[in-house]
Amino acid sequence: MGKGMKAGKKPNPNKGMKQGGGSQAEQMRQMQVMQKRMEEVQSEIEEKEVETTAGGGAVKVKISGKKEITALEISPDALDPDDVEMLQDLIIVAVNEGLRQIEEITETEMGKLTGGFSIPGLV
C-alpha cells in the first residue's frame, strides 16, 4: 500500500485538477463563444477574393472565399486555335492556384482560433 493510503480507499482521479470553472455549463459557454467567432471568421473569409494569373498574365482568374470563380479574363494573345490544350492548361493552373490561396487563407485564419489544432470538417 502506498504511503498515506488507507485500506479500501481508492485514489481520487480528480486530485490535483483545478476545481470550479470547468463545469459543463462553462465549457458549453466557451464552445458557443468559439463557434460564434468561427462563424464570423468564416464570413470574413467568404468576403475575401484572390486573383491569380498564368502564362505571364494570359489568363487571370478571381476566386472568392466561397471558392467560386468570380471573374475569368483570357488575353486574345492566348487564343490559338491550333493549341487549345495550352489555354486549357493555363486556366487550370490559374484556378488551382487561386483555390490553393483561398485554402491557405482559411487554414491560417481558422488556425488562429483553434490554436493550430485541426478540427475535422471545420473547413
Within the range 59-85, track down each residue that is surrounded by fewer than 14 Cβ atoms within 10 Å (Cβ to Cβ) and aliphatic (A, V, I, L, M).
-> A71, L72, L79, V84
Residues that are among the small types (G, A, S) and within 26 Å of L113 (Cβ to Cβ), drawn from the range 45-98 | S64, G65, G98
Of all residues in the range 63-111 being charged (D, E, K, R) and in contact with a Leu (Cβ under 9 Å, 6 or more places away or on another chain), the one that is nearest to M34 (Cα to Cα) | K67
A careful count of residues in the range 60-89 that are among the polar types (S, T, N, Q) and under 27 Å from the mean Cα position of the chain (by Cα) gives 2
Could you grab the pairs with beta carbons closer than 9 Å, sequence gap of 6+ or different chains, first residue in the range 28-44 and surrounded by 10 or more Cβ atoms within 10 Å (Cβ to Cβ), second one among the hydrophobic types (A, V, I, L, M, F, W, C) and assigned to a helix (DSSP H, G or I)?
-> M34/L113; R37/L113; M38/M110; M38/L113; V41/M110; V41/L113; Q42/M110
List the pairs whose first member sits in the range 81-110 and is more than 16 Å from Q42 (Cα to Cα), whose second member is at pLDDT below 95 and among the hydrophobic types (A, V, I, L, M, F, W, C), and whose Cβ atoms are under 9 Å apart, counting only residues at least 6 apart or on separate chains?
-> M86/A78; L87/A78; L87/L79; L90/A78
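The values are calculated or read from the model by the stated rules, or taken from the named source; none is laboratory data. No experiment lies behind these values; they were computed from the predicted model shown. For neighbour counting, all protein chains shown are included, and Cβ atoms are generated from backbone atoms with ideal geometry for every residue, glycine included.
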